[in-house]
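Structure first, commentary second.
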Amino acid sequence: MEQITRGDRCREATRVGVDLAKQVIQVHAVDRRGRVITSRALRRDQFLPWCAQLPTGCLVAMEASSSAHHWGRRLQAMGLDARIISAQLAAPYRMQGH
């Protein structure tokens, strides 16, 4: 199993955008100034350990989907500010065709 390495940079994250998929979950984290900390794909089994490194209260936004409520409850139990947003609000952030 690949070890997830982030160091202290992940502790600087204030907002994380999450794209939930069946096999891979894409995360995009920024600091309070909007600078990108990381943008990477994680396997489903890596997602919660990765989120455990985030600071308490970090905003984690994900598009409403069949699994979003499950992940939202898990993230809130970890002390994160998990929010589910509608597809219309998430659409401008998707990189279509890239």
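Brief remarks on what is shown
- Filtered by the rule that a residue be of a type in the set (D, E, K, R) and closer than 13 Å to GLY17 by Cα, region 36-65 gives ARG40, GLU63.
- Applying the condition of being surrounded by fewer than 12 Cβ atoms within 10 Å (Cβ to Cβ) and closer than 16 Å to PRO55 by Cα to region 1-32 and asking which residue is modelled with the highest pLDDT yields ARG32.
- Residue in region 24-39 that is part of a loop (DSSP other than H, G, I, E, B) and in contact with a helix residue (DSSP H, G or I) (Cβ under 7 Å, 6 or more places away or on another chain) present: yes
- Looking across region 33-63 at every residue that is open to solvent by 30 Å² or more (accessible area, probe 1.4 Å) and under 17 Å from ILE85 (Cα atoms), the one that is nearest to the chain's Cα centre (by Cα) is identified as LEU59.
- Exactly one residue among LEU89, LEU42, LEU54, LEU75 is assigned to a helix (DSSP H, G or I) and at pLDDT 90 or above, and that residue is LEU75.
- Residue, surrounded by the fewest Cβ atoms within 10 Å (Cβ to Cβ), within region 66-76, restricted to residues that are closer than 16 Å to VAL16 by Cβ and not basic (Lys, Arg): GLN76
The values are calculated or read from the model by the stated rules, or taken from the named source; none is laboratory data. This one's a predicted model, so the numbers in the text were calculated from it and none came from an experiment. We place every Cβ from the backbone using ideal geometry, glycine too, and count neighbours over all the protein chains shown. What goes into the accessible areas is simple: the full protein's heavy atoms, side chains included, and nothing from ligands, DNA or RNA. Shrake-Rupley method; radii C 1.70, N 1.55, O 1.52, S 1.80 Å.
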